[in-house]
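Okay, structure first, notes after.
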Amino acid sequence: MFLVAGGAWGAGAAPMPFTPVAEESIGQFSLSVYSGAWGDANGDGRPDLFLPSLFNQLNPLFYNQTNGFVRESALPLGNLNASGAGAVWIDVDNDGDLDLFLATTLGEPKYLYHNDGTGGFTFVQDSAGQRFGSNSQTCAAADFDNDGLVDVFLPNGGGFGAERNFLFRNVGGDFVQVTEGEVVTEFLPSHGGAFADFNGDGFVDLFVANIGAPNSLFRNDGRGGFIKVTSGAVVEEGTALGATSAAWGDYDNDGDLDLFVSHGQPFNFLYRNEGGRQFVKVTDTDVARDGGNCIGSLWADLDLDGWLDLIVARRGAPPLVYRGTGDGQFEREASSPIVRGGNGVAAADYDLDGDVDILVANWEGDGPTALYRNDVTGRQWLGIRLEGRFSNRFGVGARVRVRANIGGRSLWQLRQIGGEDALGSQELIARFGLADAAGADEVIIEWPSGLVQNLGPVRGGQVLRVVESEFQSLSPVRLNLQTGLYEHRVRYTRLGGNAENNGVRIQASGLPTGVRWLNATGVSDTSDAEPYIQLPEPLARGQSIELVFVFQKPGRGGLDAPEYSAEYGSWEPGVPPGGSRLEVTRTVTLPEAGRVLVEFVSQPGARYAMEYSADLEHWHLVPGQIVAGGTRTQWIDAGPPSTATAPSAEIQRFYRVVKLETTAN
């Protein structure tokens, strides 16, 4: 087994097992490649590679195939000649495939290419970026205004001198330039930039690396703008240190994103995030004592031990590789197999074996661009691929947390999807090392929309696709042995609808033949006549409610969870689908947790619904139907299906019965 120094794995580790890959098609580009960008351009599940190249050279795209990399030859990307500096793969139009944005230097315009869904591209002639020439040496992408569309930031100037930076807001397939705010009005030589939600408020913030000037940190105000941070360790360093790029990562596994800043001279910086309240400059590590022509950098768990490692590209010298040894400590690799000097560094699992491989983009005099295959063995891993529905399609900006028992210790890890500086880019998959754990005990996804999904335990050795859903299963569908009915406990969070007072109807699809949804409140007016539950009151956006759905299934065997969906409309909340209202005959307060027994006169076989009120003026429908078994029916109010609305001794409830004319199947 390949061992890691420190932590739960002991000391004296061998060099990380990287093997140079003799990839002739990539290696032929030897003089001008500035960075690398991995992304699945053709949707085949394998990350492809785009190489931005300077001096009006060819900027090639390579498709990753089972027998190696094949360069794209079709127009328009087949002959793209530009002074490419940094590129990001983003789904600009949220159609499920990755488009390409290329930032250029030498005063050139920027390029946007739309993906046709099969890996073919169309150049967007009138893109906003085409109207703006600048000296951009990288770029970064994130949904800074949380509108479900990914935006782009371009730092400008760098070694060319002071310029204003660009921020492009996505308007659905293209961009408009943001012209207000210090992010785009301060006049500095900016070289790098990276997005991250450093304070955990659900909005991505922005760090800008400046050459010959203090670095800039901007806090997202949550209203579509940024506020410049004017105090603290990150922005109080000297002015002539030559910051080139930055990388965010939770290197100490304490649940927040820390910051590494690479410098041309004389040394690099590491800032530990203290719960989003402040940053502390770390000085007692080689990470902060080394330097010299450092450019691109990235965090990744290279050895799959559950702790982030760091790789920093250097012009004219091999990259610096630091092994995270546990509890925030590092060990520099003295004899790393990654020896190619370069400018940018990019990470992806190009061979789909679960570990992260490394590409080093060359710079003049450093030889050809080099690909290194990671050959770590004997350790488990997990990848999480997101598919947004209310957030942007690839979940850029989402935070993924994983808890696993590693070396006898319960360990949390945190990753952010995207947002990184293009000089240290990674594919849009959250990757975790699990070491000796068979899988994760818990996986939590914090979407840009504000939705939080807890997936519970997840087995390792897979890239799990997770679709953003308003419905989170809180337990499997379970048989209630007392009633003989199946119950499914679900948390619903309202994210859709175009008005705050929209009524909500919840539908279930995929019910097997013969299964009835007993607490449905109505039937859709479509031809398939699916049952639905109409919530008794509107929910505000972001508000959650816990529901218990009840099903009846003939015969033996379990019941799989249906697929739930929400429909929004202007229907009057709380009004059942027709029927007459009847008085109840008596109510009895029961001793079990404040439950109330309600009795009414009924017709055998007829269906009823219950309404309640606290003032005899405003009535609310209880989601659910009651099938009468005789002339007198008893119903117990425990607040179903909402566990949050159970009656209490402090709140008086009055009841009446609705005899339904329209029923569910």
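The values are calculated or read from the model by the stated rules, or taken from the named source; none is laboratory data. Computed from a predicted model, the values in this text were never measured in an experiment. Because the Cβ atoms are built from the backbone with ideal geometry, glycine has one as well, and the counts that use them run over all protein chains shown. When the accessible area is computed, the model is the full protein with side chains, heavy atoms only, and any ligands, DNA or RNA have been set aside. Shrake-Rupley method; radii C 1.70, N 1.55, O 1.52, S 1.80 Å.
What the table below lists for this structure:
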read-out	value
Residue list for the range 481-497, restricted to those being under 36 Å from the mean Cα position of the chain (by Cα), closer than 12 Å to G558 by Cα and open to solvent by 30 Å² or more (accessible area, probe 1.4 Å)	E487
Hits in the range 542-565 (condition: modelled with pLDDT of 85 or more and in contact with a Gly (Cβ under 6 Å, 6 or more places away or on another chain))	P554, P562, E563
Contacts under 6 angstrom Cβ, first residue in the range 364-391 being within 27 Å of P15 (Cα to Cα), partner among the acidic types (D, E) and surrounded by 18 or more Cβ atoms within 10 Å (Cβ to Cβ), 6 or more apart	L371/E23; R373/D357; N374/D355; N374/D357; V376/D303; V376/D355
Scope the range 257-281; condition in a loop (DSSP other than H, G, I, E, B) and open to solvent by 10 Å² or more (accessible area, probe 1.4 Å); matching residues	G264, Q265, P266, F267, G275, G276, R277
Among (1) surrounded by 18 or more Cβ atoms within 10 Å (Cβ to Cβ); (2) not in a helix (DSSP H, G or I) - the single one V339 does not satisfy	(1)
Residue tally, condition modelled with pLDDT of 95 or more, over 20 Å from G306 (Cβ atoms) and not basic (K, R), over the range 376-422	15
Residue check, A209 open to solvent by less than 20 Å² (accessible area, probe 1.4 Å), under 25 Å from the mean Cα position of the chain (by Cα) and under 17 Å from A398 (Cα atoms)	no
The range 28-56, residues that are closer than 22 Å to G354 by Cβ and not in a strand (DSSP E or B)	G36, D40, A41, N42, G43, D44, G45, R46, P47
Residue list for the range 429-454, restricted to those being closer than 18 Å to N146 by Cα, aliphatic (A, V, I, L, M) and open to solvent by 30 Å² or more (accessible area, probe 1.4 Å)	V452
Members of the range 98-115 that are of a type outside the set (D, E, K, R), surrounded by 21 or more Cβ atoms within 10 Å (Cβ to Cβ) and either under 23 Å from the mean Cα position of the chain (by Cα) or assigned to a strand (DSSP E or B) (or both)	L98, L100, F101, L102, A103, T104, Y111, L112, Y113, N115
Scan of the range 386-400 for residues that are basic (K, R) and surrounded by fewer than 21 Cβ atoms within 10 Å (Cβ to Cβ), ordered by number	R389
Close pairs (6 angstrom Cβ cut-off, 6 or more residues apart or separate chains): part of a loop (DSSP other than H, G, I, E, B) in the range 152-164, among the charged types (D, E, K, R) anywhere	G157/E163
Complete set of residues in the range 1-54 that are open to solvent by 10 Å² or more (accessible area, probe 1.4 Å), closer than 25 Å to E331 by Cβ and modelled with pLDDT of 80 or more	P15, P17, F18, T19, P20
Tally, over the range 112-131, of residues that are in contact with a helix residue (DSSP H, G or I) (Cβ under 7 Å, 6 or more places away or on another chain) and over 24 Å from F166 (Cα atoms)	1
The range 358-403: number of residues that are among the acidic types (D, E) and over 28 Å from Y34 (Cβ atoms)	1
Total residues in the range 173-208, condition hydrophobic (A, V, I, L, M, F, W, C) and without any contact (Cβ under 8 Å) to a residue 60 or more places away in the chain	9
Filtered residues of the range 81-97 (kept if closer than 10 Å to A37 by Cβ and open to solvent by 10 Å² or more (accessible area, probe 1.4 Å))	V88, W89
Top-ranked residue in the range 242-256 [being more than 22 Å from A85 (Cβ to Cβ) and either among the acidic types (D, E) or surrounded by 19 or more Cβ atoms within 10 Å (Cβ to Cβ) (or both); ranked as farthest from the chain's Cα centre (by Cα)]	D252
Unique residue being more than 26 Å from H191 (Cβ to Cβ) and small (G, A, S) when the list is S83, S73	S73
Condition met for G514 (among the small types (G, A, S) and open to solvent by less than 40 Å² (accessible area, probe 1.4 Å))	no
